[in-house]
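Below is one structure, written out as structure tokens; the observations come after it.
The values are calculated or read from the model by the stated rules, or taken from the named source; none is laboratory data. A quick note: this is a predicted structure, and the numbers were derived from the prediction, not measured. All Cβ positions, glycine included, derive from the backbone under ideal geometry; neighbour counts span all protein chains shown.
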Amino acid sequence: MDPITAMLEKVLAEVASDGSGETAAYIPELAEADPDLLAFGLVGPRGRVFTAGDESAPFTIQSMSKPFVLALALELHGRDEVFRRVGAEPSGEPFNAISLEARTGRPANPMVNAGAIATTALIPGADVDERTGRIVGMMSKFAGRSLWIDEAVYASESATGDRNRALAHLLKSYEIIQGSVTDAVETYFRQCSVLVTVRDLAVMAATLAFGGRNPVTRDQVVSERVARDVTSIMASCGMYDFSGEWMLRVGLPAKSGVSGGVIAVAPSQFGVAAFSPRLDPHGNSVRASRIVEILSDRFGMHLLEPH
Ligand code: GLN
């Protein structure tokens with residue numbers, strides 16, 4: 001076994017016995033996920049992919065879609081237009097909070113649901129399918145393979161999505177969303193339902209880590225500036241109301257999702273992804289977070305560590 005894979009296996013073994021946390025309960029597909037699944041992936045500068053554990057287990061991307069849709073919105077509209085509609089400040093509140101700036105109605109940032117729905121509404125298209133097609137096309141370039149949607153998860157997201165619908169209507173009342181509220185929110189549910197593996201996510205994170213260039217396919221997926229803007233937002237807002245403490249402890253831009261994944265970006269070094277379905281009270285995976293923390297600690301990867 002090569003030394004990097006051996007290191008991944010060792011970190012997995014260290015966290016394996018931690019059975020704390022609960023799988024997300026709001027839809028059956030997530031509630032019934034095998035809680036013992038555990039996987040870790042890392043992609044380096046020359047596109048070498050290292051994985052360990054349940055590396056081929058598929059799960060939905062959920063909130064880890066948010067950075068990639070933000071990247072697409074930034075590519076299409078530029079920074080000023082996007083941040084006119086969504087802020088760049090940590091909210092200090094849970095991911096589904098109804099927190100909008102009092103005067104303008106701008107959501108705090110694109111990593112909480114309100115901000116993500118506002119970002120999704122910026123993706124053009126005649127209908128939900130066309131908008132979703134653009135988004136899944138962009139995510140596929142980040143991953144270096146064609147991704148698709150888990151229709152059962154999408155149906156459940158849509159059936160239970162009243163809070164997100166309410167957020168979208170509020171955004172429309174402030175004219176943050178223009179056009180169809182239904183299209184915006186259904187597109188958001190579809191983007192959350194894209195199926196990935198830890199390997200896909202590690203490649204996607206690596207594309208952000210290497211200035212928007214996928215190190216496996218060598219495709220320049222988004223500009224260097226867009227990749228930097230996205231990772232900046234992940235650094236301040238990626239772990240919901242744990243983002244400040246995450247920066248303190250781990251020091252890497254990251255994003256979590258309720259399916260149990262965490263992606264993290266070590267700029268110019270590697271992209272990381274970890275997966276384990278049990279979540280802490282913030283909605284971040286217990287073991288996936290711990291994996292990234294151990295990795296950062298062991299290799300002195302905190303961004304603010306003097307080198
Ligand atoms: N689909 C979920 C929602 O919008 C995604 C949230 C998450 O991953 N934190 O509620």
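Scanning the stretch 284-304 for residues that are of a type in the set (D, E, K, R) and surrounded by fewer than 16 Cβ atoms within 10 Å (Cβ to Cβ) gives 297, 298. When you look at residue 156, is it in contact with an Asp or Glu (Cβ under 6 Å, 6 or more places away or on another chain) and of a type in the set (Ser, Thr, Tyr), yes or no? The answer is yes for residue 156.
Picking from residues in the stretch 120-130 that are surrounded by fewer than 24 Cβ atoms within 10 Å (Cβ to Cβ) and over 24 Å from residue 235 (Cβ atoms), the one that is farthest from the ligand (Cβ to nearest atom) is 126.
Just so you know, in the stretch 235-263 the residues that are within 16 Å of the ligand (Cβ to nearest atom) and under 22 Å from residue 307 (Cα atoms) include one that is surrounded by the most Cβ atoms within 10 Å (Cβ to Cβ), and it is 254. Within 15 Å of the ligand (Cβ to nearest atom) and of a type in the set (Ser, Thr, Tyr), is that true of residue 197? In short, no. Looking across the stretch 52-101 at every residue that is at positive phi and within 16 Å of the ligand (Cβ to nearest atom), the one that is surrounded by the most Cβ atoms within 10 Å (Cβ to Cβ) is identified as 62.
Listed by first and then second residue, the pairs with beta-carbon distance under 7 Å, at least 6 apart or on different chains, first residue in the stretch 24-42 and within 15 Å of residue 280 (Cα to Cα) and touching a residue at least 40 places away in the same chain (Cβ under 8 Å), second among the aromatic types (Phe, Trp, Tyr) and within 12 Å of the ligand (Cβ to nearest atom), form an empty list.
Here the stretch 264-281 is the region considered, the condition is being under 13 Å from the mean Cα position of the chain (by Cα) and not small (Gly, Ala, Ser), and the residue that is nearest to the ligand (Cβ to nearest atom) is 275. A Cβ distance below 7 Å, combined with a sequence gap of six or more or placement on separate chains, defines the contacts here; from the stretch 246-268, residues that are farther than 10 Å from residue 208 by Cα and assigned by TED's automatic domain parsing to the domain that holds residue 210 reach residues that are among the charged types (D, E, K, R) and in a strand (DSSP E or B) in the pairs 263/255.
Scanning the stretch 212-243 for residues that are closer than 27 Å to residue 108 by Cβ and under 17 Å from the mean Cα position of the chain (by Cα) yields a total of 21. Residue 155 satisfies every condition listed in (1) free of Cβ contacts under 8 Å to residues at least 12 places away in the same chain; (2) away from the ligand (no atom under 16 Å from the Cβ); (3) assigned to a helix (DSSP H, G or I); (4) not charged (D, E, K, R) except (2).
Just one of the listed residues (135, 176, 117) is surrounded by 15 or more Cβ atoms within 10 Å (Cβ to Cβ) and not in a helix (DSSP H, G or I), namely 176.
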